[in-house]
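The block underneath contains the structure these notes are about, expressed in structure tokens.
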Ligand SMILES: [Zn+2]
Ligand SMILES: [Zn+2]
């Protein structure tokens, strides 16, 4: 029997990989999204009916930062309309995270600890509501969808409120973020590949917001709907086959390549060398939970790790292929592993 071993969980704080894409004052990207974000089209797992005929949305929240049921219902209606999931879309309010824990934990740590993942046979979105005001080490941040390395997660800081904006438009904000993860505005024909240039579209990077309308009982933004271009994007994705090498393995979003598999979670990239018959899903889950409770507990970081189930020759071949992967963290993991393999054993 070939044992799968997880070689040293390498915790690297890789600022280059972590930073979001640079945007100009108008909120649009200064450069196109990197290839590692776009080439594998992971949003198609959520858009089309194969291989997953249903979509499961897990919503975790720090106590006191919970989204309203109305916001979740609005998102559920949106996903049911814009994704081809004949067996349904289920939005589940899952864990309530104690504020005492959130007061000193990094966002990565909370996500890696509480994210449970989808039941078998479902595509998956993960949503975490928190409040950066609880933790002096956190900065306030915009609500955002993550497009790499785990392009199925949304993080909403309830402390980002801008005089009521976050609470008043919470449902639209959530819909905007979820739409990122089902391919809205991914077409650079009417935007930058992430957001839409139509000023009145829900996928524009900025909301036009008139707070005085709230007192009058009116909707304080004209951006309540997707423009025809964004609707056309999502319609096109619904009929575009998802890449056959993508799937969820437990909570991991996995990409199978010749000789190796790339498994991701928020801020986590695991490279498995060799046969997929022995993917170390449970071991990886445990290793990531330990990292969330240990080194990542109070500071943001990026996990890179490698496992192998092949003989040395298979492994060498897989490493050569992984060293040319389109995603930088995969190439980096292959390099670190190769260096560690060549190093003399500790005496
Ligand atoms: Zn956005
Ligand atoms: Zn649009």
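The values are calculated or read from the model by the stated rules, or taken from the named source; none is laboratory data. All values derive from a computational prediction rather than experimental measurement. Every residue, glycine as well, gets a Cβ built from its backbone with ideal geometry; the counts of neighbours run over all protein chains shown.
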- [ ] Kindly provide the set of residues from the range 201-228 that are closer than 30 Å to residue 35 by Cα and more than 15 Å from ligand 1 (Cβ to nearest atom), ordered by number.
- [x] 225, 228
Task: Complete set of residues in the range 293-319 that are touching a strand residue (DSSP E or B) at 6+ places or on another chain (Cβ under 8 Å) and farther than 20 Å from residue 252 by Cα - done: 295, 310, 314, 315, 318, 319
Task: Residues that are touching a residue at least 24 places away in the same chain (Cβ under 8 Å), in contact with a helix residue (DSSP H, G or I) (Cβ under 8 Å, 6 or more places away or on another chain) and surrounded by 22 or more Cβ atoms within 10 Å (Cβ to Cβ), drawn from the range 254-278 - done: 260, 262, 265, 266, 267, 268, 269, 270, 271, 273
TODO: Count, please, the residues in the range 185-230 that happen to be surrounded by fewer than 16 Cβ atoms within 10 Å (Cβ to Cβ), within 11 Å of ligand 2 (Cβ to nearest atom) and not in a loop (DSSP other than H, G, I, E, B).
DONE: 2
Open item on the list: Suppose we filter 170, 189 for residues that are away from ligand 1 (no atom under 11 Å from the Cβ), over 18 Å from residue 240 (Cβ atoms) and in the same structural domain as residue 125 (by TED's automatic domain parsing); which single one remains?
Closed with: 170
Task: Per-region count, the range 121-148, residues closer than 30 Å to residue 51 by Cα and touching a helix residue (DSSP H, G or I) at 6+ places or on another chain (Cβ under 6 Å) - done: 6
Open item on the list: Looking at residue 234 and the list (1) part of a loop (DSSP other than H, G, I, E, B); (2) within 16 Å of ligand 1 (Cβ to nearest atom); (3) surrounded by 19 or more Cβ atoms within 10 Å (Cβ to Cβ), which single condition is not satisfied?
Closed with: (1)
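Look through the range 170-179, keep the residues that are touching a strand residue (DSSP E or B) at 6+ places or on another chain (Cβ under 9 Å) and either farther than 20 Å from residue 85 by Cα or touching a residue at least 60 places away in the same chain (Cβ under 8 Å) (or both), and return whichever of them is nearest to ligand 2 (Cβ to nearest atom).
The qualifying residue nearest to ligand 2 (Cβ to nearest atom) is 179.
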TODO: Look through 128, 134 and report the one residue that is touching a residue at least 40 places away in the same chain (Cβ under 8 Å), within 19 Å of the chain's Cα centre (by Cα) and either closer than 26 Å to residue 100 by Cα or within 16 Å of ligand 2 (Cβ to nearest atom) (or both).
DONE: 128
